[in-house]
Amino acid sequence: MAGPIELKNKRVLVVGVARTGVATALFCAARGAVVTATDSRSEAEIGEATAELRDAGVRLELGGHDKNTFLQQDFIIPSPGVPADSPLLQAARANGVSVWSEIELAYRFRKGKLIGITGSNGKTTTTSLVEHILRSASFPTILAGNIGTPLISCVGRMTHDSVTIVELSSFQLELIQEFRTDISVFLNLTPDHLDRHHTLELYAKAKARIFENQREEDFAILNADDPGSTPLAPTRPHVYWFSRKQRAAQGAFLRGDDIVFRNDGAEEIVLPCDEVPLPGAHNLENVLAAIAAARVAGASAKAVAEGVRSFTGVEHRLEFVREVKGVRYYNDSKATNVDATMKALDSFPGQILVILGGKDKGSDYSPLQTPLREKAILALLIGAAADKIASQIDGSVAIERAGTLDHAVEIASQTARSGDVVLLAPACASFDQFENYEHRGRVFKALVHELQQRANELPNTSRGATSARR
């Protein structure tokens with residue numbers, strides 16, 4: 001394992017002054033580095049974080065980037081939203097500057113075990129579930145990464161006994177050097193972030209870096225049912241599998257109505273499928289992956305089963321908001337790509353009014369046609385990608401161009417009947433109208449709660465637009 005690096009008097013440039021960038025700048029400044037933070041946004045757009053950074057001695061370059069600043073550093077730590085192939089970073093590399101992701105820097109100071117989870121979909125649920133299982137089994141756990149708390153912010157809490165479970169994005173993994181996890185989980189691979197990675201092959205290559213530095217004593221866990229990720233299985237670590245469709249030689253799989261874990265030829269029933277509290281076949285895959293990771297980490301089968309049963313889910317992932325006049329509202333704001341939206345639609349038997357749209361990531365929305373035709377009543381389109389989505393799902397479902405999320409919720413509330421489901425599963429990023437997917441999800445939930453308040457205050461009225469119903 002790489003040892004801690006000396007940051008005192010090192011010149012460190014942090015690119016991007018959002019959550020990860022602020023945490024990284026403060027971490028480096030606290031260890032004596034000469035830190036500059038740069039952002040294309042103005043100080044007014046960034047807000048309160050600038051004062052905290054200045055108080056810590058961080059120099060700020062805002063409203064644009066100076067190429068000379070990039071060339072004069074020892075280390076550059078770009079935030080995940082900064083493309084790794086940006087011209088300024090390429091120029092810095094050519095000048096001998098080390099360009100690392102925040103997780104690479106954090107790794108140089110890590111203690112204890114590290115479990116990393118990546119994939120196109122299901123990362124947040126699986127990461128949260130693994131942490132919940134291990135914490136329930138009395139492991140000293142830390143939850144970190146793309147899930148909300150930068151890994152760099154958790155370094156001070158790490159001990160030699162701790163287990164840090166970290167959600168890893170392709171943006172973070174593409175700029176690692178020595179970063180290594182004791183247990184790596186690769187959930188699946190479907191097209192996503194093609195606006196950033198350009199091709200599915202480059203996206204897959206970035207994801208697969210999670211295995212790059214693993215050793216013979218480490219563990220890799222992959223989805224045996226996923227043709228995109230199975231060819232990426234590594235050769236050095238012990239490989240375990242999870243599957244809904246086939247028996248795994250090593251790992252977690254379904255046998256009849258039971259979840260089974262197989263290790264070194266011995267099989268154990270962990271728990272029946274009907275005791276899994278999360279809806280949808282995709283969530284069953286997430287549970288299988290989490291069971292494999294937790295068992296490999298040392299939790300007993302009994303503790304794993306108890307952890308799965310007591311898990312209540314994750315905010316913004318098929319999160320039940322409330323029922324209003326017999327209509328159930330679900331927040332899946334984390335469904336930021338087409339495959340995630342398809343899995344969300346598959347979680348319900350039908351009668352769905354789905355809210356789609358946001359910032360396009362170079363996606364092909366035509367695969368949504370079949371599930372929309374089979375499951376949906378109405379597609380309510382919002383955001384910058386609305387025109388593209390409309391053209392690619394045309395003919396599969398009735399379409400309403402709502403424009404904004406509040407208008408979409410209003411139309412849905414007037415159109416839906418008792419027994420219907422209103423589902424926010426945008427298949428897009430949120431940055432055209434919101435700060436992030438969490439912000440989008442919170443706004444959706446607030447709008448639904450307002451519907452309930454209005455329903456409590458007003459007598460029942462006749463339904464509005466119903467032409468979309470079939």
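The values are calculated or read from the model by the stated rules, or taken from the named source; none is laboratory data. Please read these numbers as outputs of a predicted model, since none were measured by experiment. Please note: Cβ atoms are built from the backbone with ideal geometry, for glycine as well, and neighbour counts cover all protein chains shown. Ligands, DNA and RNA are excluded from the accessible area calculation, which covers all protein heavy atoms including side chains. Shrake-Rupley method; radii C 1.70, N 1.55, O 1.52, S 1.80 Å.
If you take the alpha carbon atoms of the stretch 375-449 and fit the smallest convex hull around them, that volume is 90 Å³ per residue. Based on Cα contacts under 8 Å between residues 6+ apart, the stretch 263-324 shows a relative contact order of 40 percent.
Computed over the stretch 16-164, the quotient of the alpha carbon radius of gyration and 2.2 N^0.38 Å is 1.13. Computed over neighbours whose Cβ is under 10 Å from that of PRO426, the net charge equals +2, Lys and Arg +1, Asp and Glu -1. For the chain, a simple Cβ point-charge model (Lys and Arg +1, Asp and Glu -1, everything else neutral) yields a dipole of about 180 debye relative to the Cα centre. Annotation for the stretch 1-94: GluC sites (Glu not before Pro) lying in DSSP loop with at most 16 further Cβ atoms inside 10 Å of their Cβ are GLU6, GLU48. Simple point charges give the picture: +1 on the Cβ of Lys and Arg, -1 on the Cβ of Asp and Glu, and for the stretch 101-184 a dipole about the Cα centre of about 220 debye. Based on C-alpha pairs under 8 angstrom that are at least 6 apart in sequence, the chain has a relative contact order of 11 percent. Spatially close Lys pairs in the stretch 322-376, defined by Cα atoms under 25 Å apart and a spacing of eight or more places or different chains, total 10. Dipole of the chain computed with +1 at Lys/Arg Cβ and -1 at Asp/Glu Cβ about the Cα centre; of ALA297, GLY357, LEU447, farthest Cα towards the positive end is ALA297.
For the stretch 105-189, the set of trypsin sites (Lys or Arg not before Pro) satisfying both a DSSP loop assignment and a count of at most 16 other C-beta atoms within 10 Å is given as LYS111. Only lysines eight or more places from LYS8 in sequence, or on another chain, were considered; those with a Cα closer than 29 Å are LYS67, LYS111, LYS113. Per residue, the accessible area of the stretch 316-396 comes to 33 Å² when a 1.4 Å probe rolls over the protein heavy atoms.
The residues neighbouring ALA289, those whose beta-carbon lies less than 15 Å from its own, together hold a net charge of +3 under the Lys/Arg +1, Asp/Glu -1 convention.
Rolling a 1.4 angstrom probe over the chain with all protein chains present gives an accessible area of which 48% lies on carbon and sulfur atoms.
Listed by chain and number, the lysines placed with their C-alpha closer than 16 angstrom to that of LYS302 amount to none; residues fewer than eight positions away on the same chain are left out. Helical runs assigned H by DSSP (4 residues or longer) give the chain a calculated mean residue ellipticity at 222 nm of -9500 deg cm²/dmol, each run adding -39500 (n - 2.57) before division by the residue total. Among (1) 20.4, 63; (2) 24.2, 76; (3) 23.0, 70, which one is Rg and Dmax of the Cα atoms in Å computed from these coordinates? Computing Rg and Dmax of the Cα atoms in Å and matching it to (1) 20.4, 63; (2) 24.2, 76; (3) 23.0, 70 gives (3).
According to a simple spin-label model (label point 7 Å from Cα along Cα-to-Cβ), what is the distance in nm between ARG401 and ASP85? With each label point 7 Å from Cα toward Cβ, the separation is 3.3 nm.
The Cβ shell under 15 Å around ARG442 holds other residues with a net charge of -2, Lys and Arg each +1, Asp and Glu each -1.
Working from Cα pairs under 8 Å separated by at least six residues, relative contact order for the stretch 1-106 is 29 percent.
With all protein chains kept in place, the per residue accessible area of the stretch 1-138 amounts to 40 square angstrom at a probe of 1.4 angstrom.
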